[in-house]
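**Q** Sharing a structure with you now.
The values are calculated or read from the model by the stated rules, or taken from the named source; none is laboratory data. Quick caveat, the model's predicted, so the values are computed rather than measured. Methodologically, a virtual Cβ is constructed for each residue, glycine included, from the backbone with ideal geometry; neighbour enumeration extends over all protein chains shown. To get the accessible areas, we keep the full protein, side chains included, count just its heavy atoms, and leave off ligands, DNA and RNA. Shrake-Rupley method; radii C 1.70, N 1.55, O 1.52, S 1.80 Å.
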Amino acid sequence: MKFDLNFQSGIPIYIQLKEQIKYGMARGHLKPGTQLPTVRKLAIDLRINANTVSRVYSELEHEGLLATRKGKGTFVLDHNISHQRNDIEVLKTEMENLVNKARELGFTPDEISSLFSEWAKRVSDR
């Protein structure tokens with residue numbers, strides 16, 4: 001899977017990378033058992049600091065999404081176990097992207113919240 005970082009977005013690089021890995025897992029691009037690139041290789045490929053990649057891998061391991069095996073590498077865990085949690089993470093990512101876009105367009109947090117509420121009510125009334 002190719003990672004596409006936006007160095008101009010204002011969103012920290014480690015958050016972008018972490019969310020892209022989660023998104024890839026949730027969408028099936030990173031299947032259970034897939035070996036991720038080494039910290040060093042991914043850092044070189046993305047032209048970012050190795051500590052950034054290490055942080056992302058550590059956080060995802062702590063969340064139960066990755067496993068690092070000494071001398072073997074870092075692997076995607078079977079996320080079907082926490083499928084609902086991954087779905088929530090994908091939804092959060094999509095909502096964050098939408099909120100960021102709304103903010104770029106000049107909407108206030110209250111306006112965004114109101115729009116989400118209206119939309120959710122309209123959808124649930126169907």
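**Q** Where does each of D110, D87 land when they are ordered by accessible area, with a 1.4 Å probe and the largest first? Mind dumping the intermediate values first?
**A** Numbers: D110 125, D87 75 Å².
I get D110, D87, largest accessible area first.
**Q** With N denoting the number of residues in region 18-80, provide Rg(C-alpha) divided by 2.2 N^0.38 Å, to two decimal places. Let's see the in-between values first.
**A** Numbers: Rg = 10.9 Å, N = 63, 2.2 N^0.38 = 10.6 Å.
Output field value: 1.03.
**Q** Ok, one more. Return, ordered by residue number, the residues of region 12-51 whose backbone nitrogen is under 15 Å from a label point located 7 Å along Cα→Cβ of E96.
**A** 12-26
**Q** Let me ask something additional. Taking springs between alpha-carbon atoms closer than 10 angstrom, which of K72, K41, K18 fluctuates most in the Gaussian network model of the chain?
**A** K72
**Q** Give, rounded to the nearest 20 debye, the magnitude of the charge dipole that the chain has about its Cα centre when Lys and Arg contribute +1 at Cβ and Asp and Glu contribute -1 at Cβ. Mind dumping the intermediate values first?
**A** Details: 19 positive and 16 negative charges, 133 e Å.
For the chain, the charge dipole is close to 640 debye.
**Q** Accessible area per residue, 1.4 Å probe, Å², for the chain: what's the number? Let's see the in-between values first.
**A** Values: 8700 Å² over 126 residues.
Value returned for the chain: 69 Å² of accessible area per residue.
**Q** Give the dimensionless ratio obtained when the Cα radius of gyration of the chain is divided by 2.2 N^0.38 Å. Mind showing how you got there, number by number?
**A** On the way: Rg = 16.9 Å, N = 126, 2.2 N^0.38 = 13.8 Å.
The chain yields a ratio of 1.22.
**Q** List, in the order given, every pair from K31/K92; K31/K121; K2/K121; K72/K101 whose Cα-Cα distance in the structure shown is over 31 Å. Don't skip to the answer; put the middle values down first.
**A** Values: K31/K92 20 Å; K31/K121 35 Å; K2/K121 37 Å; K72/K101 40 Å.
Checking Cα-Cα distances, K31/K121; K2/K121; K72/K101 exceed 31 Å.
**Q** Hey, any idea what % of the chain's accessible area is carbon plus sulfur with a 1.4 Å probe? Please list the in-between numbers first.
**A** Values: 4640 of 8700 Å².
Percent of accessible area from carbon and sulfur atoms in the chain: 53.
**Q** Now, a different point. To the nearest 10 Å², what's R27's accessible area with a 1.4 Å probe?
**A** Spelled out: R27, probe radius 1.4 Å, area about 130 Å².
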